[in-house]
Amino acid sequence: MEIKYAILMLVGVIVGAFLNWLTDCWGLFQRFRSPWRRIPKNLLQEALQKYFREQKKSATKKRPPITFAELEKTLRKRWYDYLPLFGWIPFSRFSTVLGSGFWVRPFFVEAFCGAGLAFLYRWEIEWRCVSILILQMNPEQPDVLFSRFLLHAVLFAFLFLATLTDFDDFIIPDLITVPGTVCGLLAAVFFTCGTLPTTEIRTFAHQDNAETTLLSLPSAPAEFMEVPNYDSLYYRRDNVPLHIASPNIYPAALNGRPNAAPLAIALFCWWGWCFAMMNRVWRVNFGLRRAAALFLRRLRRSQSTWYYLLAALIGSLIIAIIWIAVVWKNGSFRWQNGFSALIGMACGGLLIWGVRIVGTIALRREAMGFGDVTFMAMIGAFLGWQPCIFIFFLAPFAGIVLGLSRWLLGLGGSLPYGPFLAMATVATVLFWSNIWLWAEPFFEIGWLVPVLLLFCGIMMFVLLRLIEILRGKFNVV
């Protein structure tokens, strides 16, 4: 095995250990599975006393009970307990305190992160499976591939962390989605070549040759190549970073200064996200007037409101600076990527928020947690709005398969939705080139995608109402 893969696996294992520690710290309930977490003395004493009493009852003459002091000495942490991956084997002796088999999942988390990082490097950089290579397109530069690999590794780390906490407590904390969203937005601005690759389609008219009317010569520049079987349609020879208008050319009206409209849209998306993250409540049980009063009172009293107001002001300043800086080197690319990331964040969050509202109205109970909304907004900030469409449609299939399997096995049908969004995101990123080439014609027609989404939303409401009616008729819980 090459030395670079050994280094990547080591880095991945260390990242996995860090994710295990964050899972214990940021979950809804405090856990102490990671060796880097200090077990409270009272919890340790209670577990030791319980274990000591059980051992004393089951002791025989051939196997006398150990003393409490000996047991306490055995459960002191050693230096090798802190080793990533291999440290879990000796650390398993803490099963007395932390529960039987507590170390199994963290062990496989670190092993999976090590193998996964090495695989991602091979998949994206050496095999170039994410790059779009059709016809005579030019291969991407190594720095582009490496930037994209780093960005996706960070995204997958956030996805994995959210999946672990969602499986533990059926919640995705803001401590994960808020830093993840900010990281995705900043990466779009400063890693302009790290976004997903796409094709760019242009139409060029043919020019008649002056010597004969039987020949026509294409007027396309040298950086474009003709699409087979399509007259006057050309691909750019290089992969183009995904932006808001892909596969079409980026609209000049959405560039930075002096266009004020894109600045207003960007600020609206940012302030909308900050407002959505505030601690608010809306209950119309006693009328709209009391609902509005309660809404404003909760916002005013919550400390998080002032934090997000400060974040909104700082973010607005940064957006304005990037909007002004389009005249500098790579300024236009930074604005295009940042603006596309803000649109992706808004569209990703609104997709799941719409499902949440429709499901709540149809089923007359909360259909989805708001953590899934902020989670999808984070994914949109990293990838853009077009991948969110595929993730939105892929995630339910994984949920249906696993949910039915658990129901048939008698394990219960309740499952968190966040892990399925994460699985769909990973699949979309890894097989992006094939997905994009298949769906590219749909994105060429700008109005088609929102019409399809509206149709799917209506059909989902009808289906959920039908399920709710059948459930009430047959008394199915």
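The values are calculated or read from the model by the stated rules, or taken from the named source; none is laboratory data. A quick note: this is a predicted structure, and the numbers were derived from the prediction, not measured. Glycine also receives a Cβ, built like all others from the backbone with ideal geometry; neighbour counts cover every protein chain displayed.
Yes or no, residue by residue, for (1) part of a loop (DSSP other than H, G, I, E, B); (2) hydrophobic (A, V, I, L, M, F, W, C); (3) closer than 21 Å to ALA427 by Cα:
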{"position": "PHE91", "(1), (2), (3)": "no, yes, no"}
{"position": "PHE107", "(1), (2), (3)": "no, yes, no"}
{"position": "GLY114", "(1), (2), (3)": "no, no, yes"}
{"position": "ILE125", "(1), (2), (3)": "no, yes, yes"}
{"position": "LEU133", "(1), (2), (3)": "yes, yes, yes"}
{"position": "ASN138", "(1), (2), (3)": "yes, no, no"}
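Criterion applied to SER340, SER304 was being assigned to a helix (DSSP H, G or I), small (Gly, Ala, Ser) and crowded, with 19+ Cβ neighbours inside 10 Å, and the one residue passing it is SER340. The lone criterion from (1) farther than 19 Å from PHE52 by Cβ; (2) surrounded by fewer than 17 Cβ atoms within 10 Å (Cβ to Cβ); (3) in contact with a Lys or Arg (Cβ under 8 Å, 6 or more places away or on another chain) left unmet by THR74 is number (1).
Of all the listed residues (TYR250, TYR234), the sole one being buried (at least 16 other Cβ atoms within 10 Å of the Cβ) and over 23 Å from LEU383 (Cα atoms) is TYR234. The numbered conditions (1) surrounded by 13 or more Cβ atoms within 10 Å (Cβ to Cβ); (2) more than 15 Å from GLY338 (Cα to Cα) are all true for LEU296 except (1).
Mind checking whether some residue in the stretch 118-140 is among the small types (Gly, Ala, Ser) and modelled with pLDDT of 95 or more? Looking for residues that are among the small types (Gly, Ala, Ser) and modelled with pLDDT of 95 or more, one finds at least one in the stretch 118-140, hence yes.
Of all residues in the stretch 247-297, those being of a type outside the set (Phe, Trp, Tyr) and assigned to a loop (DSSP other than H, G, I, E, B) number 17. All conditions in (1) in contact with a Leu (Cβ under 9 Å, 6 or more places away or on another chain); (2) more than 30 Å from PHE102 (Cα to Cα); (3) at pLDDT 95 or above hold for HIS152, with the sole exception of (2).
Every residue, every condition in (1) more than 14 Å from the chain's Cα centre (by Cα); (2) in the same structural domain as GLY369 (by TED's automatic domain parsing), yes or no:
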residue	(1), (2)
ILE134	yes, no
PRO142	yes, no
PHE149	yes, no
ALA162	no, no
PHE191	yes, yes
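Remark: pairs (first residue in the stretch 425-454, assigned by TED's automatic domain parsing to the domain that holds GLY348 and within 17 Å of LEU120 (Cα to Cα); second residue in a helix (DSSP H, G or I) and β-branched (Val, Ile, Thr); Cβ separation under 8 Å; 6+ apart in sequence or on different chains) = THR425/ILE379; THR425/ILE391; THR428/ILE391; THR428/ILE435.
Quick grid of which residues meet (1) basic (Lys, Arg); (2) touching a Gly at 6+ places or on another chain (Cβ under 6 Å):
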{"residue": "LEU267", "(1), (2)": "no, no"}
{"residue": "TRP270", "(1), (2)": "no, yes"}
{"residue": "MET278", "(1), (2)": "no, no"}
{"residue": "VAL281", "(1), (2)": "no, no"}
{"residue": "LEU288", "(1), (2)": "no, no"}
{"residue": "ALA293", "(1), (2)": "no, no"}
{"residue": "ARG297", "(1), (2)": "yes, no"}
{"residue": "TYR308", "(1), (2)": "no, no"}
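Taking the conditions exactly as written (modelled with pLDDT of 80 or more and small (Gly, Ala, Ser)), does SER92 satisfy them or not? When the stated conditions are applied, SER92 passes them. Only residues that are part of a helix (DSSP H, G or I) and either touching an Asp or Glu at 6+ places or on another chain (Cβ under 6 Å) or within 17 Å of ALA162 (Cα to Cα) (or both) were counted in the stretch 13-37, giving 13. Looking only at the stretch 455-474, residues that are of a type in the set (Gly, Ala, Ser) and touching a residue at least 40 places away in the same chain (Cβ under 8 Å) come to 1 in all. Within the stretch 1-30, being over 24 Å from the mean Cα position of the chain (by Cα) and at pLDDT 90 or above holds for ILE3, LYS4, TYR5, ALA6, ILE7.
Residue by residue, here is whether (1) part of a helix (DSSP H, G or I); (2) at pLDDT 95 or above holds:
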{"site": "THR360", "(1), (2)": "yes, no"}
{"site": "ALA367", "(1), (2)": "no, no"}
{"site": "PHE382", "(1), (2)": "yes, yes"}
{"site": "PHE390", "(1), (2)": "yes, no"}
{"site": "PRO396", "(1), (2)": "yes, no"}
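The combined condition, being under 20 Å from the mean Cα position of the chain (by Cα), assigned by TED's automatic domain parsing to the domain that holds VAL429 and more than 27 Å from ASN434 (Cβ to Cβ), is fulfilled by THR177.
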